[in-house]
1. Just to verify a result, which residue in segment 90-101, among those that are free of Cβ contacts under 8 Å to residues at least 60 places away in the same chain and touching a Ser or Thr at 6+ places or on another chain (Cβ under 9 Å), is farthest from residue 68 (Cα to Cα)?
2. Kindly provide the set of residues from segment 1-27 that are among the hydrophobic types (A, V, I, L, M, F, W, C) and closer than 27 Å to residue 139 by Cβ, ordered by number.
3. Which residue out of 21, 38 is outside any helix (DSSP H, G or I), in the same structural domain as residue 422 (by TED's automatic domain parsing) and surrounded by 12 or more Cβ atoms within 10 Å (Cβ to Cβ)?
4. Of all the residues that make up segment 308-328, how many are surrounded by 13 or more Cβ atoms within 10 Å (Cβ to Cβ) and farther than 17 Å from residue 194 by Cα?
5. So, of the residues in segment 353-405 that are in contact with a helix residue (DSSP H, G or I) (Cβ under 7 Å, 6 or more places away or on another chain) and not in a helix (DSSP H, G or I), which turns out to be surrounded by the most Cβ atoms within 10 Å (Cβ to Cβ)?
6. Restricting to segment 1-13, name every residue that is under 20 Å from residue 405 (Cα atoms) and surrounded by 12 or more Cβ atoms within 10 Å (Cβ to Cβ).
7. Pick out the one residue from 107, 119, 76 that is touching a residue at least 40 places away in the same chain (Cβ under 8 Å) and small (Gly, Ala, Ser).
8. Would you say residue 347 is surrounded by fewer than 17 Cβ atoms within 10 Å (Cβ to Cβ), of a type outside the set (A, V, I, L, M, F, W, C) and in contact (Cβ under 8 Å) with a residue 40 or more places away in the chain?
Amino acid sequence: MKEKNLKIAVRILAILLICLVSFIGVYVQEGNQIINKVTGYKLGMDLQGARVITIKVSDESEEIIKDAEGNVIEEATDEEIEQNGYTKENVPVNKEEDKNVENYKKAKDIIETRLKKLAIQNYTIKLNEENGTITIEVPENENTDYIVSNISEVGKFQITDSEDTENVLLDSNAIKEANVLYNTTTTGTTVYLSMEFNKEGKTKLKELTSGDYATKEEEENDETEDTSDSTEETEEQENNTSETNNTEEQAENTEQDTENQTENTENSTEEQNDNEETDEKSEEDTQKKVTLKLDDTEMITSSFDEPIENGMIQLSMNAATTSEDTLQDTVEHATTMAMLIESGTMPLEYEIDTNEYILSEITQDTLSKLVIIASILVAIALIYLIIKYKGIGLLASISYIGFVGLYMLVIRYTNVEITLEGLSGILIAGILNYILNKKMLQSTKEIQETIQKSTMQAFTSFFVKTIPVWIISIIACFITWMPVSSFGMTLVWGLIIMLIYNIIVTKKLIDTK
């Protein structure tokens, strides 16, 4: 008897611990604040409100400088403009011929790709095909401002020649995927921006890294220097010999001396020409480099130490660090770059027109009232079990509360976004679990002497009847529409926890009693 009571006490304590963590939280002091370390609920737009962002095709102009032949001059002072006869022009950032439905749709697709890259699942996006205005609705949370500030960037990624920037060697069309990687050592964590090229880009990248833009080896330079030294020594020996012969010939014949001086002058001229040709060759052999740019901002300029055959480039974004704030900023910056590079270049420049927070029609006060009403109904239902089934009814009621606490923890840590439809899934799971508990108690009361067999029969009968619910909830999980997906995810987790929890906890409590 004591052993049975001990088992009951241990299980009840475990349930109380789960309920404390789920309903109250785990609080720790960090600095001057006390923070709940238990993850919060992820609410959908219909419960928490939404940020509505409207972006429009930019009507701004940029000032460019041109010479007399119409060539664009990147930089020039007012004095240089006046001296060289340059002209200034205001040119729209978006050409009229580019403002068409095709480009509007492409811009919408790129923004949608960026939202998915940022793991934003619950969003709406609408396009006005007449003027290209795009309206985006995303949940309001700590990441919303970050999304707003980066979602409409052009994202023009290019790999160009470092000297001739107009020579574009590769661009974002050659990118297959861009991701953020980490490498942690004893000195800290380093963040990398990894870019994987597609089939065409991989071939082009291999040609670049093994051709003119490959780093020249030092051995070749050493051999060139050795050859130059030996050539200079040979020339010195020849000059010394020439000078000795000239001295002897000067003593013998004045006319020959004059001829030798002429020959020396010619040799000197030839040596100067040879040196000039060598200098020209050195200039031709200057190391060629590439520049990686994103929206005309230089990321890196370098040559390639060895051919890249796997089609991947990894750029270090920081020195190894142990600072969480520095690491977080670096990761955010790298994530933005990966998002822009992978999604492609916007065909038009956009600017934010409106940025508004829309309150949910269901306020926090309304949610609180709904939770209170649901809690009262659950309490009444559990009191009914206690009155009807006495001791085992009390244990089943305690087990039910533990089920709710565990269910809420799983919802939080599986990152399920709760919408109104998701709340209905939670409600259905709670009702089904109550029905199961009641059937288990009823079966136990009717056949007390065969409790093991009766509870398993109750399990089998109940889950056979709920097979259609399992099928519907699983199918709903794979539907991309967030309300349906939220309903499916909450219900599936409820069914899974109900099955495992009642076998491990509720059944054991009743059997022990």
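1. The selected residue is 92.
2. Matches in segment 1-27: 21, 23, 24, 26.
3. Values: 21 fails: outside any helix (DSSP H, G or I).
Exactly one of 21, 38 is outside any helix (DSSP H, G or I), in the same structural domain as residue 422 (by TED's automatic domain parsing) and surrounded by 12 or more Cβ atoms within 10 Å (Cβ to Cβ), namely 38.
4. Counting residues in segment 308-328 that are surrounded by 13 or more Cβ atoms within 10 Å (Cβ to Cβ) and farther than 17 Å from residue 194 by Cα gives 2.
5. Among residues in segment 353-405 that are in contact with a helix residue (DSSP H, G or I) (Cβ under 7 Å, 6 or more places away or on another chain) and not in a helix (DSSP H, G or I), the one surrounded by the most Cβ atoms within 10 Å (Cβ to Cβ) is 360.
6. 8, 11, 12
7. Values: 119 fails: touching a residue at least 40 places away in the same chain (Cβ under 8 Å); 76 fails: touching a residue at least 40 places away in the same chain (Cβ under 8 Å).
Just one listed residue meets the conditions, 107.
8. no
The values are calculated or read from the model by the stated rules, or taken from the named source; none is laboratory data. From a predicted model like this one, the values you see are computed outputs, not experimental measurements. Glycine also receives a Cβ, built like all others from the backbone with ideal geometry; neighbour counts cover every protein chain displayed.
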